[in-house]
Amino acid sequence: MSTHVADTVDNAIATPDKVQPYGALGLKDDEYAEIRKILGRRPTSGELAMYSVMWSEHCSYKSSKIYLRQFGQKVSEKMKEKLMVGMGENAGVVDVGEGWAVTFKVESHNHPSYIEPFQGAATGVGGIVRDIISMGARPVAVMDQLRFGAIDHPDTPRVLHGVVGGISFYGNCLGLPNIGGETYFDSCYQGNPLVNALSVGVLRHEDLHLANASGVGNKIVLFGARTGGDGIGGASILASDSFDSTGPTKRPAVQVGDPFAEKVLIECCLELYREGLVEGIQDLGAAGISCATSELASNGDGGMFVELDHVLLRDPTLTAEEILMSESQERMMAVVKPELLDQFMAVVNKWDVETSVLGEVTDTGRLVIHHGGEEIVNVDPRTVAIDGPVYERPVAYPTWIDALQADSADKLARPQSGAELKDQFLSLVASPNLADKSLITTQYDYFVMGNTALSFPDDAGMIRVDEESGLGFAIATDANGRYCQLDPYQGARLALAEAYRNVAVSGAVPAAVTDCLNFGSPENPEVMWQFKRAVEGLADGCLELEIPVTGGNVSFYNQTGDAPIHPTPVVGVLGVIDDVARRIPSSWQDEGNNIYLLGYTRTELDGSAWAGTIHNHLGGVPPVVDLAQEKELADLLQGAAIESLILSAHDLSDGGLGQALAESVMRFGVGARVWLDEIIERDGVDAATALFSESTGRVIVSVPREDDVRFLGLCEARNYPVLRIGVTDQGGEDAKLDVQGLFEVSVAEIRQRSNETLPKYFG
Amino acid sequence: MRVGVITFPGSLDERDAQRAVKLAGGTPVALWHGAHDLEGVEAIILPGGFSYGDYLRAGSIASHAPIMAEVIDAAHKGMPVLGICNGFQMLAEARLVPGAHGRNDCGTFVRRDQKLIVENNNTAWTTDFAQGEEIIIPLKNADGRFVANADTIKRIEDNGQVTFRYVGMNPNGSLDDIAGVSNEAGNVVGLMPHPEHAVEPGFGPDTAQAMRSGLDGLKFFTSVIQSTILSKA
């Protein structure tokens with residue numbers, strides 16, 4: 001056993017002048033002074049550990065809080081209708097009808113995934129899945145949003161293989177279908193990759209659980225994996241420091257995941273819920289027991305007594321402070337009525353899940369923790385979990401942004417001849433961000449659970465919720481860091497618009513939003529300005545579309561040295577579909593159907609994949625976002641889906657029409673004849689713009705000839721711009737994409753160019 | 001007909017196997033690894049997943065689960081048993097079918113719509129297939145490389161115990177492209193790909209006709225129901 005003697009409350013009173021290492025724990029002078037003021041004495045070392053992790057940026061949102069409030073303020077009555085649980089809980093919950101609810105959230109695990117890519121990414125999946133379980137839901141899907149450094153940088157394979165391996169290992173082993181995500185390469189993420197993980201769960205309305213400790217005398221139970229020395233201080237140290245190549249190694253701070261333990265924990269929790277044995281529940285993630293006890297107590301009756309000696313340890317030498325801070329994975333904390341404890345224990349024993357009773361709910365308003373029979377923590381839990389510091393950090397309009405916005409892509413040379421257009425079309429198809437991602441996605445299981453109606457490479461993932469009625473949800477995430485660098489307000493709205501459109505093309509009705517806001521250091525006023533603008537853009541956009549933000553995550557300090565990443569607000573939109581049998585595929589599967597382009601094409605090449613790939617250029621202003629028009633488009637697609645008028649629908653975004661056509665012919669190998677003349681004439685653009693512009697509000701759909709009239713009637717009734725731009729052609733070995741009068745290219749060649757890029761660097 | 005599907009800690013595809021039994025016209029019965037009770041079922045499925053986290057070796061710990069005593073006994077007496085993926089690994093570990101499994105030769109987990117050829121339609125789980133029929137069912141595993149010594153390979157090839165072979169490409173380096181094998185009697189079959197994920201329109205592998213419309217897996221389950229009825233007749 002440890003010879004370390006924990007610092008007691010009595011000792012803290014007796015030794016007020018003891019020097020404490022608050023700086024090394026990430027606390028500023030004024031924050032430490034505030035803790036002393038709250039307690040009326042110096043904190044014990046255990047209390048200091050708790051405050052330091054809970055007041056870290058990662059746990060307290062101290063720099064972002066004042067902006068995030070908008071998500072709760074910019075709401076209409078309609079946005080509240082379907083919202084069962086909003087921001088602030090482990091994950092938001094949305095009513096999807098028929099007595100079902102869906103809970104979903106996206107979260108970052110960026111810094112651990114750079115230090116130890118495999119475990120960092122694996123535990124990212126594990127953490128978000130536990131958030132979903134703690135709402136009372138069965139997790140039913142995962143997705144991941146990945147951003148790596150330059151594809152040809154020597155360190156990128158280490159990070160990519162580790163991250164993808166970790167997600168594959170953990171997600172597959174949990175039996176959760178991975179139904180989509182994003183993979184981008186950009187040198188701005190070289191020393192700071194982004195690994196965001198999203199999970200979705202489903203529950204019956206009556207199974208909803210919340211993280212609160214209510215009912216004096218109810219037991220506080222810790223169950224799941226044993227507590228070890230992994231991830232100690234991870235939350236505060238990893239999330240509050242940027243990487244500095246000269247700094248000490250931080251490897252020990254990354255947690256290690258055991259998906260088998262988590263799988264058993266999921267099934268065990270679901271059985272506990274079914275049997276009605278749990279009053280409140282909280283997962284243990286960042287800040288471990290410190291977070292779970294203080295949050296449960298704050299959200300409940302306010303008091304809790306815990307004996308730390310009862311925590312089952314993997315490493316018996318851990319000190320009390322380490323036990324409080326440990327981020328060992330696969331642990332949950334439940335509040336259980338004393339008369340149900342025996343039944344609770346019977347269920348956990350059935351699943352061979354180790355469990356110990358730590359203490360009980362009290363009405364003292366204090367969180368009291370004993371260790372070795374002595375009081376080592378005695379705090380008001382709200383001061384730890386809720387009333388942490390709030391900063392209004394300095395904000396400064398970036399000095400460089402006017403020059404960047406003035407540097408439009410309009411001056412770049414555009415291809416004129418058919419040969420040049422074909423060459424650039426194929427260069428885009430083969431570019432790292434648009435190329436085929438099978439090398440990654442074939443490592444993920446999307447079949448498990450048998451309810452996956454859509455997954456990659458479709459625009460959205462879709463899962464059936466009810467096997468009888470076919471009720472389901474669709475989900476898509478998007479973020480374009482290049483657009484956000486040019487204009488974070490519009491960039492955030494563009495991400496929202498694209499995710500919204502991706503859900504709409506699947507045939508689902510967009511209903512709710514989650515976000516993971518990845519930014520540089522909040523201590524940099526220019527980054528803070530980017531953050532402020534992005535949140536404003538997202539909140540304004542959600543109000544316009546009338547879909548609420550239900551929760552999410554902020555990740556700051558994403559930078560290497562002084563260079564922040566491009567602002568990358570990942571936006572996830574969840575939609576509902578009455579019957580997944582009516583889902584719309586993203587690509588055509590038969591020849592002889594008409595291809596229509598919905599929406600106008602403007603000369604919007606600034607920040608585009610074309611400008612980046614062909615000219616290595618980033619400048620100008622991003623495309624115009626018209627959310628009212630996006631709403632019209634979504635309504636139109638939904639109408640068409642209900643009447644079964646369209647065979648496929650594919651969103652136009654990165655790479656424009658050219659990339660959408662390439663993806664459409666590659667998906668099932670069915671070719672197409674396409675003409676651009678009418679786009680060129682109606683919209684007053686050139687062929688290069690028609691192919692590569694990234695104007696919003698656009699979708700290509702394929703329509704069977706017999707439904708032409710009805711489909712066009714639908715567009716006319718809504719006054720939505722529509723043009724017939726081609727017909728689907730034969731499949732098979734001779735399949736080709738014929739852009740009439742400009743170029744012809746075989747589907748085999750498009751596939752080859754798309755498929756060869758990732759294996760070249762990571763094969 | 002009652003078909004048992006056993007849940008082990010870490011089983012993942014057990015509800016999919018139950019759904020497949022139901023769609024084939026059978027009655028799925030959920031069995032628990034810790035019980036010594038087959039609850040009167042007439043056939044058994046060991047489902048896919050990562051039982052016990054694949055610790056030690058895939059399928060190894062599960063093959064010693066309490067209920068496996070009853071499974072092994074029933075298998076020896078002729079009850080149809082199907083092991084899918086992790087279930088195949090359990091069957092091999094329990095010595096109910098020949099061979100063993102190693103890490104995929106590519107080193108990673110592989111998920112794909114896999115083409116197979118039915119090499120023997122004379123087992124309890126394959127009678128509804130034509131001999132030599134080509135089918136597509138999903139494959140998804142990390143430790144799918146079938147291995148056996150040369151004598152065993154010769155013996156099972158000669159005996160017709162190679163039930164399924166990979167066609168077009170060998171996704172994991174399995175010897176002789178072997179995807180599935182049976183015991184000598186043909187009542188116990190194990191295979192790496194997942195027939196229970198090709199049983200329902202809209203949720204199976206892609207086909208040339210329509211997205212996710214592949215139903216080739218359904219015949220595994222109709223076969224066992226049919227062959228059990230015939231064996232009683």
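For the range A:547-617, which fully contained strands (runs of 3 or more DSSP E) count at least 2 residues that are at pLDDT below 95?
Correct list: A:549-555.
Please go through (1) part of a loop (DSSP other than H, G, I, E, B); (2) on the phi > 0 side of the Ramachandran plot; (3) within 14 Å of chain A (Cβ to nearest Cβ) for B:Gly53 and return the number of the only condition it doesn't satisfy.
Unmet for B:Gly53, out of (1) part of a loop (DSSP other than H, G, I, E, B); (2) on the phi > 0 side of the Ramachandran plot; (3) within 14 Å of chain A (Cβ to nearest Cβ): (1).
Going through the range B:38-73 one residue at a time, which ones are modelled with pLDDT of 95 or more and charged (D, E, K, R)?
Within the range B:38-73, B:Glu39, B:Glu42, B:Glu70, B:Asp73 qualify.
Residues A:Ile725, A:Ile700, A:Ile679: which one is within 18 Å of A:Glu643 (Cα to Cα), surrounded by 21 or more Cβ atoms within 10 Å (Cβ to Cβ) and in contact with a helix residue (DSSP H, G or I) (Cβ under 9 Å, 6 or more places away or on another chain)? Even if it seems obvious, please write down each step before you answer.
Working: A:Ile725 fails: within 18 Å of A:Glu643 (Cα to Cα); A:Ile679 fails: within 18 Å of A:Glu643 (Cα to Cα).
So the residue among A:Ile725, A:Ile700, A:Ile679 that is within 18 Å of A:Glu643 (Cα to Cα), surrounded by 21 or more Cβ atoms within 10 Å (Cβ to Cβ) and in contact with a helix residue (DSSP H, G or I) (Cβ under 9 Å, 6 or more places away or on another chain) is A:Ile700.
Of everything in the range A:319-351, what is open to solvent by 10 Å² or more (accessible area, probe 1.4 Å), over 16 Å from A:Ala213 (Cβ atoms) and away from chain B (no Cβ under 14 Å)? Give them in sequence order.
Those that are open to solvent by 10 Å² or more (accessible area, probe 1.4 Å), over 16 Å from A:Ala213 (Cβ atoms) and away from chain B (no Cβ under 14 Å): A:Thr319, A:Glu321, A:Glu322, A:Met325, A:Glu339, A:Asp342, A:Gln343, A:Met345.
Can you run down the residue pairs with Cβ atoms below 7 Å, 6 or more apart or on separate chains, where the first is in the range A:441-466 and within 16 Å of A:Ile167 (Cβ to Cβ) and facing another protein chain (nearest Cβ under 10 Å) and the partner is among the β-branched types (Val, Ile, Thr) and assigned to a loop (DSSP other than H, G, I, E, B)?
A:Gln443/B:Thr108
Go through the range A:127-150 and give me each residue that's open to solvent by 20 Å² or more (accessible area, probe 1.4 Å) and not charged (D, E, K, R).
Answer for the range A:127-150, where residues must be open to solvent by 20 Å² or more (accessible area, probe 1.4 Å) and not charged (D, E, K, R): just A:Ala150.
What number of residues within the range A:66-96 are under 19 Å from A:Pro510 (Cβ atoms), modelled with pLDDT of 95 or more and not aliphatic (A, V, I, L, M)?
1
Regarding A:Leu176, is this residue closer than 21 Å to A:Gly572 by Cβ, assigned to a strand (DSSP E or B), aliphatic (A, V, I, L, M) and open to solvent by less than 10 Å² (accessible area, probe 1.4 Å)?
no
Identify all residues within the range A:269-287 that are at pLDDT 90 or above and surrounded by 24 or more Cβ atoms within 10 Å (Cβ to Cβ); write none if there are none.
A:Cys269, A:Leu272, A:Ile281, A:Gln282, A:Asp283, A:Leu284
Within the range A:526-582, can you find the residues that are among the small types (Gly, Ala, Ser) and more than 18 Å from A:Leu83 (Cα to Cα)? Quick ask: steps written out before the conclusion?
First pass over the range A:526-582, keeping only residues among the small types (Gly, Ala, Ser): A:534, A:537, A:539, A:541, A:551-552, A:555, A:561, A:563, A:572, A:575, A:581.
A:Ala534, A:Gly537, A:Ser555, A:Gly561, A:Ala563, A:Ala581, listed by residue number.
How about the range B:105-120: which of its residues are more than 14 Å from chain A (Cβ to nearest Cβ) and either under 17 Å from B:Pro205 (Cβ atoms) or part of a strand (DSSP E or B) (or both)?
Within the range B:105-120, B:Lys115, B:Leu116, B:Ile117, B:Val118 qualify.
So A:Leu428 ticks every box in (1) within 14 Å of another protein chain (Cβ to nearest Cβ); (2) modelled with pLDDT of 95 or more but one. Which box is left unticked?
Unmet condition: (1).
Are any residues in the range A:625-659 of a type in the set (Asp, Glu) and more than 30 Å from A:Pro415 (Cβ to Cβ), and if so, which ones? Working first, answer last.
Filtering the range A:625-659 down to residues of a type in the set (Asp, Glu) leaves A:626, A:630, A:632, A:635, A:643, A:651, A:654.
Across the range A:625-659, the qualifying residues are A:Glu632, A:Asp635, A:Glu643.
For B:Gln209, which of the numbered conditions (1) in contact with a helix residue (DSSP H, G or I) (Cβ under 6 Å, 6 or more places away or on another chain); (2) surrounded by fewer than 22 Cβ atoms within 10 Å (Cβ to Cβ); (3) within 14 Å of chain A (Cβ to nearest Cβ) fails to hold?
For B:Gln209, the failing item is (1).
Please indicate, with yes or no, whether at least one residue in the range A:555-575 is under 15 Å from the mean Cα position of the chain (by Cα), of a type in the set (Ser, Thr, Tyr) and farther than 16 Å from A:Thr477 by Cα.
Checking the range A:555-575: at least one residue is under 15 Å from the mean Cα position of the chain (by Cα), of a type in the set (Ser, Thr, Tyr) and farther than 16 Å from A:Thr477 by Cα.
Taking the stated definitions as given, is B:Met192 at pLDDT 95 or above, within 27 Å of A:Gly175 (Cα to Cα) and within 14 Å of chain A (Cβ to nearest Cβ)?
So B:Met192 fits the description; yes.
Return yes or no: is A:Arg533 open to solvent by 10 Å² or more (accessible area, probe 1.4 Å) and closer than 30 Å to A:Val670 by Cα?
no
Assuming B:Gly4 fulfils every condition listed in (1) crowded, with 22+ Cβ neighbours inside 10 Å; (2) within 14 Å of chain A (Cβ to nearest Cβ) apart from one, which condition is it?
Answer for B:Gly4: the failing condition is (2).
I need the full set of residues from the range A:749-763 which are under 17 Å from A:Ala660 (Cα atoms) and either hydroxyl-bearing (Ser, Thr, Tyr) or open to solvent by 20 Å² or more (accessible area, probe 1.4 Å) (or both), in order please.
Just the residues of the range A:749-763 that are under 17 Å from A:Ala660 (Cα atoms), to begin with: A:749-755.
Selection gives A:Glu749, A:Arg751, A:Gln752, A:Arg753, A:Ser754, A:Asn755.
Looking at A:Ser746, A:Ser693, which one is crowded, with 22+ Cβ neighbours inside 10 Å and not basic (Lys, Arg)?
Matching residue, one of A:Ser746, A:Ser693: A:Ser693.
Among the residues of the range B:15-38, are any under 16 Å from the mean Cα position of the chain (by Cα), surrounded by 22 or more Cβ atoms within 10 Å (Cβ to Cβ), away from chain A (no Cβ under 14 Å) and of a type outside the set (Gly, Ala, Ser)?
Within the range B:15-38 (the criterion being under 16 Å from the mean Cα position of the chain (by Cα), surrounded by 22 or more Cβ atoms within 10 Å (Cβ to Cβ), away from chain A (no Cβ under 14 Å) and of a type outside the set (Gly, Ala, Ser)), the answer is no, since none of the residues qualifies.
Determine which single condition B:Phe164 fails, assuming it passes every other condition in (1) open to solvent by 40 Å² or more (accessible area, probe 1.4 Å); (2) not in a helix (DSSP H, G or I).
(1)
Spot the failing condition for B:Arg95; the list is (1) free of Cβ contacts under 8 Å to residues at least 24 places away in the same chain; (2) crowded, with 24+ Cβ neighbours inside 10 Å, and only one is missed.
Among (1) free of Cβ contacts under 8 Å to residues at least 24 places away in the same chain; (2) crowded, with 24+ Cβ neighbours inside 10 Å, the lone unmet condition for B:Arg95 is (2).
Within the range B:152-159, is there a residue that is assigned to a strand (DSSP E or B), at pLDDT 95 or above and open to solvent by less than 40 Å² (accessible area, probe 1.4 Å)?
Just the residues of the range B:152-159 that are assigned to a strand (DSSP E or B), to begin with: none.
Within the range B:152-159 (the criterion being assigned to a strand (DSSP E or B), at pLDDT 95 or above and open to solvent by less than 40 Å² (accessible area, probe 1.4 Å)), the answer is no, since none of the residues qualifies.
The values are calculated or read from the model by the stated rules, or taken from the named source; none is laboratory data. Bear in mind that the values here come from a model prediction, so they are computed numbers and not experimental data. No Cβ is skipped: glycine too gets one built from the backbone with ideal geometry, and neighbour counts run over all protein chains shown. Side chains are part of the model used for accessible areas, which takes the heavy atoms of the whole protein and leaves out ligands, DNA and RNA. Shrake-Rupley method; radii C 1.70, N 1.55, O 1.52, S 1.80 Å.
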